[in-house]
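Right, one structure below, let's go through it.
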């Protein structure tokens, strides 16, 4: 390996041109007990869970299973509708829990972390999971955050990201 190739391999991860394939994480609706149960969704023909979602954040993957699309301007309201219409009991109201995702604030992009007053992310947060130090430096209290996604698109600088865990 030449020296140039060695340094290119180190810096490729910073440039985003790595040749390794990155597997997209799937964020599931918050009404499931076991991820293995989603294999039963193949048998479902009507895909009622996606139709029942008033926020239109449930999309059906190629394998027939539902996933949440939290890249939309809305988020999950935990309304129970998807679980109530699920005929194969993959989604169940009594199995409701927080969404398996992690919401983070990029402090380099965030206006409030850069001395500009902005509460765009705090306003839609029903769970008061976004806390500010004074009027600046917001952080997400992961113990309170349900990962509903409502704060993601409210950020004017796209400083809030959500990824599956």
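What follows is calculated from the coordinates using simple rules that are stated; it is not laboratory data. No experiment lies behind these values; they were computed from the predicted model shown.
When the convex hull of its Cα atoms is viewed from all sides, the stretch 35-95 shows a mean projected area of 4.0 nm². Fully extending the segment from residue 108 to residue 35, taken as 0.36 nm per residue of separation minus the present Cα-Cα distance, adds 22.8 nm.
Per-residue ellipticity at 222 nm, computed for the chain from helices alone with -39500 (n - 2.57) per DSSP H run of at least four residues, works out to -3500 deg cm²/dmol.
Normalised by the number of residues in the chain, what is the relative contact order in percent for Cα pairs under 8 Å and 6+ residues apart? Walk me through the numbers on the way to the answer.
Values: 262 pairs, mean separation 38.4, N = 165.
Rounded, it is 23 percent for the chain.
Could you grab the Rg to Rh ratio for the chain? Cα atoms only, Kirkwood for Rh. Please report the intermediate quantities before stating the final value.
Values: Rg = 19.1 Å, Rh = 17.9 Å.
Rounded to two decimals, Rg over Rh is 1.07.
By how many nm would the segment from residue 85 to residue 56 lengthen if fully extended, with 0.36 nm per residue of separation less the alpha-carbon distance? Numbers along the way, then the final one.
Details: separation 29, 0.36 × 29 = 10.44 nm, distance 1.49 nm.
Here the segment from residue 85 to residue 56 would lengthen by 8.9 nm.
Using only the alpha carbon atoms of the stretch 110-156, find the Kirkwood hydrodynamic radius as the inverse mean reciprocal pair distance, in angstroms to one decimal. Walk me through the intermediate numbers first.
Numbers: mean 1/r = 0.0936 Å⁻¹.
Final number for the Kirkwood radius of the stretch 110-156 is 10.7 Å.
Fully extending the segment from residue 128 to residue 157 would add 8.4 nm, taking 0.36 nm per residue of separation and subtracting the current Cα-Cα distance.
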